[in-house]
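Novice: Sharing a structure with you now.
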Amino acid sequence: LAGLWTVFTLGGVGSKPTPQLEQCSPLANQSLLLLLVVFFYFFISDSTAFSSSNPHAFQINFNSLYTALCEQQKSDQATLLLYMLLHQNSNVRTYVLARTDIENLV
């Protein structure tokens with residue numbers, strides 16, 4: 001629990017959020033860190049939690065996610081989230097590859 005609190009308050013063990021992300025919104029920064037914690041929790045733990053009978057229990061707007069990631073591309077946290085989503089989620093990967101403005105992300 002202490003390690004989780006450190007992630008929420010400092011942006012990770014011994015690191016601080018980038019000034020660009022911190023200027024954007026403290027709530028946005030905390031939300032991004034929460035997404036990373038949740039993602040890594042399920043990535044490390046048993047993945048059978050995602051294989052439920054209702055595969056559409058969680059919905060996300062890929063356009064909003066893509067736009068937010070493009071705006072925060074210099075943030076280490078946003079880059080890590082993008083990396084994990086591209087490698088672990090085929091729907092996100094397909095959406096990003098289908099975009100005609102992928103140079104905004106790269």
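The values are calculated or read from the model by the stated rules, or taken from the named source; none is laboratory data. Every value quoted in this text rests on a predicted model; they were computed, and no experiment measured them. With ideal geometry, Cβ positions are generated from the backbone for all residues, glycine too; neighbour counts draw on all protein chains shown. Side chains are part of the model used for accessible areas, which takes the heavy atoms of the whole protein and leaves out ligands, DNA and RNA. Shrake-Rupley method; radii C 1.70, N 1.55, O 1.52, S 1.80 Å.
Novice: Is it fair to say Glu22 is at pLDDT below 75 and loosely packed, with under 15 Cβ neighbours inside 10 Å?
Specialist: Yes: the conditions hold for Glu22.
Novice: Still on this structure, please answer the following. Could you please let me know if Asn61 is under 18 Å from the mean Cα position of the chain (by Cα) and modelled with pLDDT under 90?
Specialist: Numbers: under 18 Å from the mean Cα position of the chain (by Cα): yes; modelled with pLDDT under 90: yes.
Against the criterion (under 18 Å from the mean Cα position of the chain (by Cα) and modelled with pLDDT under 90), Asn61 qualifies.
Novice: Can you name the residue in region 39-58 that is open to solvent by less than 90 Å² (accessible area, probe 1.4 Å) and either in contact with a Pro (Cβ under 6 Å, 6 or more places away or on another chain) or among the aliphatic types (A, V, I, L, M) (or both) and is also modelled with the highest pLDDT among such residues?
Specialist: It comes out as Ala57.
Novice: May I pose another question? From the list Leu36, Leu27, exactly one residue is over 17 Å from Arg93 (Cα atoms), open to solvent by 80 Å² or more (accessible area, probe 1.4 Å) and at pLDDT 50 or above. Which is it?
Specialist: Matching residue, one of Leu36, Leu27: Leu27.
Novice: Would you tally the residues in region 59-77 being over 16 Å from Ile102 (Cβ atoms) and hydrophobic (A, V, I, L, M, F, W, C)?
Specialist: 1
Novice: Sort out which residues of region 86-100 are open to solvent by less than 90 Å² (accessible area, probe 1.4 Å) and touching a residue at least 24 places away in the same chain (Cβ under 8 Å), and write them in order of number.
Specialist: Val92, Tyr95, Val96, Arg99
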